[in-house]
Amino acid sequence: MMSFKKIMIVDGGTKGSQISFQIAFSGFDVALYETNPKDIQSIKRYLNILKSYYKDELKATQSHIDEAYNMITFVHSIDEGIKDADLVIESMSESKGSQNNFYQEIDKKANHETIFATTHSNLLSSDVLNTINHKDKCIAVNFLSEPWLRNIVEVIGTPGTDLSAYDKVLHFLESIKMITIPVRQNEPYSILNSLLVPFISAASYLIGNDVADVITIDKTWMKATGDLQGPFGLQDIIGLDTTLDILKLKNETNKDMWKQNYIDIVNAMIKDGKLGKLSGQGFYKYPNPIFEKSNFFDAPTYIQNLTHGFKNITIAGGGVLGSQVAFQVASGGFEVNLYDINENALNKAKERIDNIKVQYEKDMGVSKNEVNSIAHNINYYSNLFEATNNSDLIIEVVPENHEVKEKFYKQLAQVMPEKTYVVTNSSTLRPSDFEAYTGRPKKFAALHFANHVWINNTGEVMVAHETSEETFNKILAFARDINLTVLPIKKEQPGYILNTLLVPLLTAAQRLLALGITDFKMIDKVWMIATQSKKGPFAILDIVGLNTAYNIALDSYKRTQSPIDKRILDILKEKVNNNELGIGVGKGFYDYTNGVPYESKSFLK
């Protein structure tokens, strides 16, 4: 098979610079053509920064690094770049018009054997390459940011791509130390970007809509998933110029105020030279960004200085999560009243507390005496007045049903003292839907706990429509004092932060599976390598539970009647019918009989 000798790279922004250096580092001559000559000095600066990453992270020798740098030649015209080029890799900004103009010009000057590859993120490869006459030599290659570390490339053919050209590109990519993922479908985004675009868009929405700040959003994701960075640390790695291009394209088709707000924020950062990790600053400063520091999850000073004055806490609802919340609150030294509707429900809650004691002792490395002391702080009531008549704070954890919650709040308003504050743990319902029923909307907010709360100790504190600043600050202080990572949410957002990020990612992954693009393991592998995550979307679905995923998919299909949503529903229904409900029962998408497959060292190979 013919081996390539000269590679032309078109545009050396964040992405093009990294691709150029990886190719040159593997021994190939690179002709780097910058469509905007004013950017050449910036590109040279990027390339010099890359030298340090190859030295520090790959432990490459200085001579090898210098040799790679010298194999990159800046060319000042298309004619100079295309001469003798075996492969053209275009990494221009995400603008269909500008890309088409470029291809119309270069197509006239290339020989028939030259292969064209676009690194598009947001457009169909067949659309981008539509102006090329010899369409059998057109392909898409989706490199990840930091290809020396995240060394996978999705290779996507167009409907007319010649198989020999496709194989030549695969062979070349393997020769530059890339793991290739063949994708025969002509889909926009490819596998990674099908996952990444909705995930990044959801994070951008939270900023553009002023729901929370960058650090709170990243803390939430990192704490909940164990990932090494959150969505904004990830955007710094990708490059803000790339993410901006994607958001601009989305804004062209569906204009929303939050998108324009976010575009304005990122535009201002780029004008200040804050393009992400490669430029030394984006949302964070590099090297040694604060999210890598041991105190990243500590409460900021203003939260550390807040007070609440709460002593007696009532937990309303002794189910699985309510019992965990009761134990977590008691572990903070508070006197806890656990309320449920009858003695039978309370007996089940007591059994749950006994089970929690065993888990807590094991997970937290504490003594039996300590867990017994915590449990001793919990009192049990089936009479709502007795459970609440001296409460400073009531935490509602009743079933996630609008009618059930409405009925509870109407009853609660009749018995609780004037001094009492109230929070809801509702996951999917709007807190503001219930604030009027409490009789004290200014003293009402949301405090969202995660399952297995002593390990997954996130506390998303969110305002309702009428929550006072005093109430919000008291709940922030209380969350701090029950050993939660405090995550302030400034505007009411259904799903809080975590589910706002998680649901689009999981939906996108299921869509890829339903479309037959690839299998669930490959989807997880791509996500895990690209983001250096411990779990992919289908591993997360197994943890969430496929019965829960099925109910969400059913609601979605009822709304959309989409064939893809129906296919997703059918896949999940088959799993549920076979009792393959996830990691809790030993099988979901993965089989856990012999351990956790995606934790094996061989999984990503």
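So here's what we get for this one:
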| item | result |
| --- | --- |
| Unit Cα scatterers, Debye sum, the stretch 238-360: log10 I(q)/I(0) for q = 0.13, 0.17, 0.19 Å⁻¹ | -0.78, -0.86, -0.98 |
| Under-5 Å amide H pairs with residue 118, H placed in peptide plane, nonlocal only | 90, 139, 140, 141 |
| Dimensionless Rg/Rh of the stretch 194-289 - Kirkwood Rh, Rg from C-alpha atoms | 0.94 |
| Net lengthening on full extension, residue 171/residue 297 (0.36 nm per residue, minus Cα-Cα) | 40.9 nm |
| From phi via Karplus (6.51, -1.76, 1.60), per-residue ³J(HN,Hα) for the stretch 477-484 in Hz, x at Gly/Pro | 5, 5, 4, 4, 7, 10, 6, 9 |
| Using θ = phi - 60° and Karplus 6.51 cos²θ - 1.76 cosθ + 1.60, couplings along the stretch 395-410 (whole Hz; Gly, Pro as x) | 10, 8, 10, 7, x, 7, 9, 4, 5, 5, 5, 4, 4, 4, 5, 5 |
| Fraction of beta bridges assigned by DSSP in the chain that are antiparallel (%, nearest 5) | 20 |
| Neighbour-count order for 61, 458, 180, fewest beta carbons within 10 angstrom listed first | 61, 180, 458 |
| Furthest towards positive pole of dipole, 588, 505, 540, structure part the stretch 501-599, Cβ charges | 505 |
| Percent of alpha-carbon pairs separated by more than 44 Å within the chain | 27 |
| Amide H contacts of residue 35 (H built 1.01 Å from N, under 5 Å, at least 5 apart or other chain) | 11, 12 |
| For residue 396, distant residues with modelled amide H under 5 Å away | 316, 423, 424, 425 |
| Order of 415, 461, 404, 88 under a 10 Å beta carbon neighbour criterion, fewest first | 404, 415, 88, 461 |
| Total charge dipole magnitude, the chain, about the Cα centre, Cβ charges on Lys, Arg, Asp, Glu only, Debye to nearest 20 | 260 |
| From phi via Karplus (6.51, -1.76, 1.60), per-residue ³J(HN,Hα) for the stretch 8-25 in Hz, x at Gly/Pro | 9, 10, 9, 6, x, x, 3, 6, x, 4, 5, 5, 4, 5, 5, 5, 5, 4 |
| Stokes-Einstein translational diffusion, the stretch 301-489 - Kirkwood Rh over all Cα pairs, 1.567 mPa s, 4 °C, in µm²/s | 79 |
| Cα pair distances of the stretch 6-188 binned at 10 Å [whole percent] | 10, 41, 37, 11, 1 |
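Read-outs: derived from the displayed coordinates by stated rules, not from any lab. All values derive from a computational prediction rather than experimental measurement. For neighbour counting, all protein chains shown are included, and Cβ atoms are generated from backbone atoms with ideal geometry for every residue, glycine included.
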